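Trainee: Sharing a structure with you now.
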Amino acid sequence: MAANNKVRVRFAPSPTGQLHIGNVRTALFNWLFAQQKGGAFILRIEDTDVERSEARYETQLIEDMKWLGIDWDEGPDLGGPYPPYRQSDKMRVYREYAERLIKEGKAYYCFCPAEELEREREQALKEQRQPIYSGKCRNLDLAEAERRRASGEAAAIRLKIPEHPIRFHDIVRGDVEFSHEVVSDPIIIRSSGMPIYNYVVVIDDADMKITHVIRGDDHISNTPKQVAVYEALGLPVPEFAHLSTILGPDGGRLSKRHGATSVANFREMGILPEALMNYLALLGWAPSGGDREIFPKDELIKEFSLERVTPSPAVFDTEKLYWLNRHYIKQSSPERIHQLGAEMLQRAGLVPASVNGNVSGWVGSVVDLLAPYVDKLDQLTEKAKIIFDGNASAALAVPENAEVFANEKARAVAQAFAKRVAAGQALTAERFKAIMDEIKAETGAKGKDLFHPVRIMLIGSHSGPDFNKLIPLIEDGSKLELPTHVKSVRERAEEFLAAMG
RNA sequence: GUCCCCGUCGUCUAGCCCGGCCUAGGACAUCGCCCUUUCACGGCGGUAACACGGGUUCAAAUCCCGUCGGGGACGCCA
């Protein structure tokens, strides 16, 4: 009994583009459900659309899922007990089932030309009627139909929708009912002989013994047709769970015009996979109590339940994702963040592609210094400008900065500072502090009046990391061989003074 | 147009199924204060929602009806 009742769910993407965030969320909910129930999670590639499917998208899809931390028990790469996991080779099976349906009188040949159908459809729409198929070929005599086919007339195959309401259960939405009067007899095999999605998906799910179909709610209106296929074929109807749509900030479906929408996008931005997973899980699902936000993978598996999935659509909130990302960056081991951060700096060409021990230690410190300031790791390159850039006239050109130096005292501080660091001796944090004390005594400047000018002089902004960490880092960096020379404190001070005039 | 789904702070949501414990809780964002030689982090606090209208009931965010609003589907696409 246990074996037969084992939960089996699947994620069935078409490899026609980058893995969309809405789709991974569907994959994630399937996966979470399977993990929690001790069931199987199956990856099936829907590549019947030969025109748009590409192998490289399949490869990337697999990579993205693995990066996120989702794995599967059966799939095109792993195999499994119910192959194939790509739809390609099953054409024969689909046709055999269709022939059986015809013999049993549950399906029929339809000779209506596509153009005529299209005309009827438009007409119905214009008259504000439900645009469903007229049923013209529904009661054609089978022998007659066979004869016409034999004489070369093209025919599609349609399923007869039974004349009673179609009901199904949806875990998220409860019982759903459609009147048979609003659903057309669906074409299941094109006149070209190629089967149609709504038909194929049922056979695949049934063949793979799928127990719960968890998918996007754009499929909800397809479901009655699919239920009709199950019933015509005498196959057990699975449980359904239709997940709400993910919206962009303007309330429309999340799409490219809203910015990042694919897993690959987020990965490149330096979003940690556990942050994305945590965020996505909370989009449309919440634990009872609803007062916890941080859910590592294992907690998610423990707490997740389909019954608690929200039926209403959810707006994707980048800020909250960032908040979680910051959290997970703080939680991560320094080594991991060093590695990821170094990759970002390498990509920007700030540090060499391969670093030796000396440089790598320094790069690690740079990342440590800057990581607490970022939402996502790719911001490291922007933040690193304070180390790598040091452009004095650009700093002075910023109105905010210029304002600081409009004050005579600020200029005095800058001059006093430059004079003292010119002396050539290594500038440690201690020495820096001593210098600042001297300047304080000499100029009478203190607090912001003292520190802002110096900060602007060194990093081009009056705010930034603690000097005690920053100074040694700049000094150490200036001694290293890097693609972009890191200017020492002395160099910075001199250039700034020159620019100040 | 027809059908289906959805409707709690700006956003994600708890509460709704099993009315009273809800003067509606948490989180992100936002605002203020504290910490700090700066900024950020962190700590503390504030602003902010039951779409609307009827009904049922001693009592409704919770149940019923209607309206409005948003989304989706109606295909020889998936």
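Bear in mind that the values in this text are calculations on the coordinates, not laboratory data. Keep in mind it's a predicted model, so treat the numbers as computed, not measured. Reconstructed Cβ throughout: ideal geometry from the backbone, glycine too, with neighbour counts over all protein chains shown.
Trainee: Tell me, what is the percent relative contact order of chain A, built from C-alpha pairs under 8 Å that lie six or more residues apart?
Mentor: Averaging sequence separation for qualifying contacts and normalising by length gives 12 percent for chain A.
Trainee: How long is the gain from A:HIS327 to A:GLU63 if the chain were fully straight, where each residue apart is worth 0.36 nm and the alpha carbon distance is subtracted?
Mentor: So the chain would gain 92.6 nm between A:HIS327 and A:GLU63.
Trainee: Still on this structure: So how do A:PHE432, A:PHE111 line up by other beta-carbon neighbours within 10 Å, fewest first?
Mentor: A:PHE111, A:PHE432
Trainee: Also: Let me know the whole percent of all Cα-Cα pairs from the stretch A:161-310 that are separated by more than 19 Å. Write out the running numbers ahead of the final one.
Mentor: Details: 7240 of 11175 pairs.
The answer is 65 percent, as a whole percent.
Trainee: Let me test this: with uniform point scatterers at the alpha carbons of the stretch A:275-352, what is the Debye-based log₁₀ I(q)/I(0) at q = 0.15 1/Å?
Mentor: Ignoring solvent entirely, the Cα scatterers give -0.64.
Trainee: Sticking with this structure for a sec: Starting from the Cα of A:GLU403, step 7 Å along the direction of its Cβ; do the same at A:GLU231; then give the gap between the two resulting points in nm.
Mentor: Modelled inter-label distance: 7.2 nm.
Trainee: What cysteines in chain A have no other cysteine with a beta carbon less than 4.7 Å from their beta carbon?
Mentor: Taking the Cβ cut-off of 4.7 Å, the unpaired cysteines of chain A are A:CYS112.
Trainee: How many lysine pairs in the stretch A:305-436, separated by 8 or more positions in sequence or lying on different chains, have Cα atoms less than 18 Å apart?
Mentor: 7
Trainee: Ok, one more. Please identify the longest segment of chain A free of exposed trypsin sites (Lys or Arg not before Pro), where exposed means a DSSP state other than H, G, I, E or B and no more than 16 other Cβ atoms within 10 Å. List each step's numbers first, then the result.
Mentor: On the way: sites that count: A:LYS6, A:ARG52, A:ARG129, A:LYS136, A:ARG138, A:ARG173, A:ARG190, A:LYS209, A:ARG292, A:LYS446, A:LYS479.
Answer - A:293-445.
Trainee: Same structure again: Pairs of Cα atoms under 8 Å, at least six residues apart: use those to get the relative contact order of the stretch A:386-481, whole percent.
Mentor: Relative contact order here is 40 percent.
Trainee: Could I ask something else about it? From the backbone phi of the stretch A:132-140, what are the Karplus-calculated ³J(HN,Hα) couplings (6.51 cos²θ - 1.76 cosθ + 1.60, θ = phi - 60°) in whole Hz, Gly and Pro given as x?
Mentor: 10, 4, 5, x, 3, 8, 4, 9, 4
Trainee: Between A:ILE45 and residues 5 or more places away or on another chain, which pairs have amide H atoms under 5 Å apart, with H built 1.01 Å from N, and which residues are they?
Mentor: Under 5 Å from the amide H of A:ILE45: A:ARG86, A:GLN87.
Trainee: At most 10 other Cβ atoms within 10 Å and a DSSP loop assignment: could you name the GluC sites (Glu not before Pro) in the stretch A:1-104 that fit?
Mentor: A:GLU51
Trainee: Please list the non-local residues whose amide H lies under 5 Å from the amide H of A:VAL213, H modeled 1.01 Å from N, same-chain partners needing a gap of 5 or more.
Mentor: A:GLU239, A:PHE240, A:ALA241
Trainee: Continuing with this model, one more query. Can you check what the Kirkwood hydrodynamic radius comes to for chain A, Cα pairs only, in Å to one decimal?
Mentor: 27.6 Å
Trainee: In which sequence would A:GLU408, A:GLU293 go, from the one with the fewest C-beta neighbours within 10 Å to the one with the most? Display every interim value, and only then the final one.
Mentor: On the way: A:GLU408 9, A:GLU293 14.
Neighbour counts put them in this order, fewest first: A:GLU408, A:GLU293.
Trainee: Antiparallel versus total DSSP beta bridges in chain A: what percent is that, nearest 5?
Mentor: Working: 16 of 30 bridges.
Counting only bridges with both partners in chain A, antiparallel ones make up about 55 percent.
Trainee: Which part of the stretch A:57-84 falls in the paramagnetic zone of A:GLU335, meaning amide N under 13 Å from the point 7 Å along Cα-to-beta-carbon?
Mentor: Answer for this model: none.
Trainee: Let me ask you something else. By what distance, in whole Å, do the Cα atoms of the stretch A:32-84 stretch along each of the three principal axes, largest value first?
Mentor: Between the extreme Cα coordinates on each principal axis of the stretch A:32-84 lie 37, 26, 16 Å.
Trainee: Then there's this: Debye sum, Cα scatterers, the stretch A:213-284, no solvent: what log₁₀ I/I(0) at q = 0.12, 0.13, 0.18, 0.28 1/Å?
Mentor: Here the Debye-derived log intensity ratios amount to -0.51, -0.57, -0.84, -1.30.
Trainee: Work out from phi, with θ = phi - 60° and the Karplus expression 6.51 cos²θ - 1.76 cosθ + 1.60, the ³J(HN,Hα) of each residue of the stretch A:266-271, listed in order in whole Hz, and give x for Gly and Pro.
Mentor: Computed from phi, the couplings for the stretch A:266-271 are 5, 4, 5, 6, x, 8 Hz.
Trainee: Further, regarding this structure: Could you give the spread of the C-alpha atoms of the stretch A:436-501 along their three principal axes, from largest to smallest, in whole angstroms?
Mentor: 40, 28, 20 Å, listed from the longest principal axis down.
Trainee: Show the residues, 5+ positions off or on another chain, whose built amide H is closer than 5 Å to the amide H of A:ASP170.
Mentor: Long-range HN contacts for A:ASP170: A:ASP175, A:VAL176.
Trainee: Another question about this same structure. Relative to the compact-globule scaling 2.2 N^0.38 Å, provide the ratio for the alpha-carbon radius of gyration of the stretch A:156-199. Mind dumping the intermediate values first?
Mentor: Details: Rg = 13.1 Å, N = 44, 2.2 N^0.38 = 9.3 Å.
Relative to the 2.2 N^0.38 Å estimate, the stretch A:156-199 comes out at 1.41.
Trainee: Okay, next question. If R₀ is 60 angstrom, what is the calculated FRET efficiency for the pair A:ARG347 and A:MET91, using the beta carbon separation as r and rounding to 0.05?
Mentor: Once the sixth-power term is evaluated, E becomes 0.85.
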